[in-house]
Amino acid sequence: MVRALLVQVLQGPPPSVRREGPENDALLVGIGENAGVVDVGQGYAVTFKVESHNHPSYVEPYQGAATGVGGIVRDILAMGARPVAVVDPLRFGAADHPDTKRVLPGVVAGIGGYGNCLGLPTIGGEVVFDACYQGNPLVNAGCIGVMRHEDIHLAKASGPGNKVILYGARTGGDGIGGVSVLASETFDAASDSGSATGKPKKRPAVQVGDPFQEKLLIECTLEIFGEKLVAGIQDLGGAGLSCATSELASAGTGGMRIELDTVPLRDASLSPEEILMSESQERMCAVVEPRHVDRFLEICEKWDVIATVIGEVTDGDRLEIYWHGEKIIDVPPGTVAHEGPVYERPYARPAWQDALQADDANTLPRPSSAGELRKQVLELVAHPNQASKAWVTDQYDRFVQGNTVLAMPEDSGMIRIDEETGLGVAIATDGNGRYAKLDPYTGAQLALAEAYRNVAASGARPLAVSDCLNFGSPEDPAVMWQFAEAVRGLADACFVLGTPVTGGNVSLYNQTGEAAIHPTPVVAVLGVIDDVARRTPVAFQEEGRLLYLLGDTREEFGGSAWSQVIHDHLGGLPRRSTWSASACSPRS
């Protein structure tokens, strides 16, 4: 039974439609590790990634959002980098809906509370309102980390006799079934309706975070890295210890033996399968040579971090897990980590797609007078999607550490990574579910194009892409078609621009009953700038400067804010995008 659970919980999204973008000279580590890594010059490497914590944030907004930040930070940390900044693309239901008033304050407080306690600036993101996210808010979180080239670490277990050390928080009963149950099911329309009276269930599947423990874990891990004490390392995220051990063993050259009853617990009643599947936060798993174990444990003790040897690397090819002397799991690790079932789910263009596109927004009534035009413009800028988000972003610390040079509401966030030379990196996240509903292929490309332009507009050179692909149930052929088209569109555009996709996340089953969210591919673009003093802010700097409009203005209202706010309409085709890498490049 335990083995069956292990295989079930590690089944991933359909890989058959996943396509990577191109490689370039800057790519140091690509898809397959905790996060991608790119070369930004001067001996520095930057790792970044965006992931989702959508379902947990609906069920328990504060902890769902907080642990989303904690999880992505540990992914960055596991690569050997110091986390330096976070971003938070968010999407909620209608701003005036009663359940939005339940979800939004908790999500914002969770992101601010966890990130601020870690001392990480929140430099970018989005806040979008649309009724399609009413029962399925999207809480995506991203993180940037910085390291030297020689400090990159990979998640692999090699060297027979090397010890497997679990360190960080104790394992509890929170988060059990987070990936296999909570994130892989649609919400029930009756019990999880998101209405003013309906209350989401499944709370035990949501992790409980402790940012102060994570801060200790970060500093402890960085000191361990500094003394070069680990042969491999993996954070414990989705599926907990079952995922970390199988991935470490699968990526290594041998097997692994784990004594499960040595795992430090905060709930002694947990069964072995619960210990394996628990997604308790603030935990890492390291592979350490025997000669380094004592020093490893000394550093953990210094930082008041619990550390326990729970097993060792073997010279075999099996992952063996024991419970009180009894072998309860004996599998080739690759079969659960990287060789899971491949779903070839049916997908087809939905029958309603043609009618949706034929309902042309360009035929909607236009303002017929200056007074009506003024009235509509004021309605547009007053809508929550266009209005200032300072009431959200002011709850985040954007300037802690003193290296933030651009932050919301700028086009992109920008961090200085070398004080002497001014070398910096910029990041922007963008997405538009309305465009993607009209045409998922083009919608994904427009998300990339907008993030790419936002980075370029700040003066940085776009370098690499991470994505967070948010969709409804893949068991619906129409949703699978949306997913396949969005991936195809993103890959095609990345090849044109020459920007590799270094990693990311797929979040499926974002729907309540039969109502799926708009397909929402969120794209993060990372750029590099040689000197942050040459950055370009949004605000005017002095009087007398001329304004120029670049590009052609066409009659394109499909999916526009105007069609949404003034006419409550969604139909037609999204705007076209002319692909040219040179057109999106920053000034020389």
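The values are calculated or read from the model by the stated rules, or taken from the named source; none is laboratory data. It should be emphasised that the depicted structure is a prediction, and the values quoted were computed from it without experimental measurement. We place every Cβ from the backbone using ideal geometry, glycine too, and count neighbours over all the protein chains shown. Just so you know, the surface numbers come from the protein's heavy atoms only, side chains and all, with ligands and any DNA or RNA stripped out. Shrake-Rupley method; radii C 1.70, N 1.55, O 1.52, S 1.80 Å.
Name the single residue, out of those in segment 40-53 being touching a Ser or Thr at 6+ places or on another chain (Cβ under 9 Å) and hydrophobic (A, V, I, L, M, F, W, C), that is surrounded by the fewest Cβ atoms within 10 Å (Cβ to Cβ).
Selected residue: Val50.
Yes or no: Ala387 touching a helix residue (DSSP H, G or I) at 6+ places or on another chain (Cβ under 8 Å), closer than 30 Å to Arg534 by Cα and either open to solvent by less than 50 Å² (accessible area, probe 1.4 Å) or of a type in the set (A, V, I, L, M, F, W, C) (or both)?
yes
Exactly one condition in (1) surrounded by fewer than 22 Cβ atoms within 10 Å (Cβ to Cβ); (2) in a helix (DSSP H, G or I); (3) touching a strand residue (DSSP E or B) at 6+ places or on another chain (Cβ under 9 Å) is not met by Ser473; state its number.
Just one mismatch for Ser473, condition (2).
Can you find a residue that is open to solvent by 30 Å² or more (accessible area, probe 1.4 Å) and not polar (S, T, N, Q) anywhere in segment 275-288?
no
I'd like the residue in segment 488-523 that is aliphatic (A, V, I, L, M) and in contact with a Pro (Cβ under 8 Å, 6 or more places away or on another chain) and, out of all such residues, is farthest from Asn140 (Cα to Cα).
Looking at the filtered set, the residue picked out is Leu497.
Can you tell me which residues in segment 408-424 are open to solvent by less than 10 Å² (accessible area, probe 1.4 Å) and either under 11 Å from Pro121 (Cα atoms) or among the acidic types (Asp, Glu) (or both)?
The answer is Gly413, Met414, Ile415.
What pairs can you find where one residue is in segment 239-264 and at positive phi, the other is among the hydrophobic types (A, V, I, L, M, F, W, C) and part of a helix (DSSP H, G or I), and their Cβ atoms are less than 7 Å apart, with a gap of 6+ or different chains?
Here the result reads Ala239/Val9; Ala239/Val179; Ala239/Met277; Gly240/Leu276; Gly240/Met277, each pair linking segment 239-264 to a residue that is among the hydrophobic types (A, V, I, L, M, F, W, C) and part of a helix (DSSP H, G or I).
Which residue out of Thr393, Thr404 is touching a Lys or Arg at 6+ places or on another chain (Cβ under 9 Å) and either exposed (fewer than 14 other Cβ atoms within 10 Å of the Cβ) or farther than 15 Å from Phe129 by Cβ (or both)?
Thr404
Taking segment 54-107 as the search range and keeping residues that are touching a helix residue (DSSP H, G or I) at 6+ places or on another chain (Cβ under 8 Å) and either at positive phi or among the acidic types (Asp, Glu) (or both), which one is most open to solvent (accessible area, probe 1.4 Å)?
Only one residue tops the list, namely Glu60.
Restricting attention to segment 123-132, which residues are in contact with a Ser or Thr (Cβ under 7 Å, 6 or more places away or on another chain) and either buried (at least 24 other Cβ atoms within 10 Å of the Cβ) or over 18 Å from Phe48 (Cα atoms) (or both)?
Those that are in contact with a Ser or Thr (Cβ under 7 Å, 6 or more places away or on another chain) and either buried (at least 24 other Cβ atoms within 10 Å of the Cβ) or over 18 Å from Phe48 (Cα atoms) (or both): Ile123, Gly124, Gly125.
Filter segment 25-60 down to residues that are charged (D, E, K, R) and assigned to a strand (DSSP E or B) and give me whichever is farthest from Ala141 (Cα to Cα).
In this case the residue turns out to be Asp39.
Within segment 529-560, count every residue that is outside any loop (DSSP other than H, G, I, E, B) and either modelled with pLDDT under 90 or open to solvent by 40 Å² or more (accessible area, probe 1.4 Å) (or both).
2
When you go through Pro333, Pro346, Pro350 one by one, which is the residue that is open to solvent by 70 Å² or more (accessible area, probe 1.4 Å) and not β-branched (Val, Ile, Thr)?
Pro346
Which one of these is at pLDDT 95 or above and either under 18 Å from Leu241 (Cβ atoms) or open to solvent by 30 Å² or more (accessible area, probe 1.4 Å) (or both): Leu166, Leu120, Leu154, Leu138?
Answer to the check: Leu166.
Of the residues Leu260, Leu241, Leu248, Leu270, which single one is within 21 Å of Gln213 (Cα to Cα) and either surrounded by fewer than 19 Cβ atoms within 10 Å (Cβ to Cβ) or among the aliphatic types (A, V, I, L, M) (or both)?
Just one listed residue meets the conditions, Leu241.
Criterion first (of a type outside the set (A, V, I, L, M, F, W, C), at pLDDT 95 or above, touching a Gly at 6+ places or on another chain (Cβ under 7 Å) and within 23 Å of Met414 (Cβ to Cβ)) does Thr100 satisfy it?
no
How many of the residues making up segment 273-324 are out of contact with any strand residue (DSSP E or B) (no Cβ under 6 Å at 6 or more places or on another chain) and part of a loop (DSSP other than H, G, I, E, B)?
Residues that pass the stated criteria total 7.
Considering each of Gly68, Gly110, Gly145, Gly80 in turn, give the residue that is assigned to a loop (DSSP other than H, G, I, E, B) and in contact (Cβ under 8 Å) with a residue 40 or more places away in the chain.
Gly80
Starting from residues that are exposed (fewer than 13 other Cβ atoms within 10 Å of the Cβ) and among the hydrophobic types (A, V, I, L, M, F, W, C), keep the ones in segment 353-376 and report whichever is nearest to Gly237 (Cα to Cα).
Ala355
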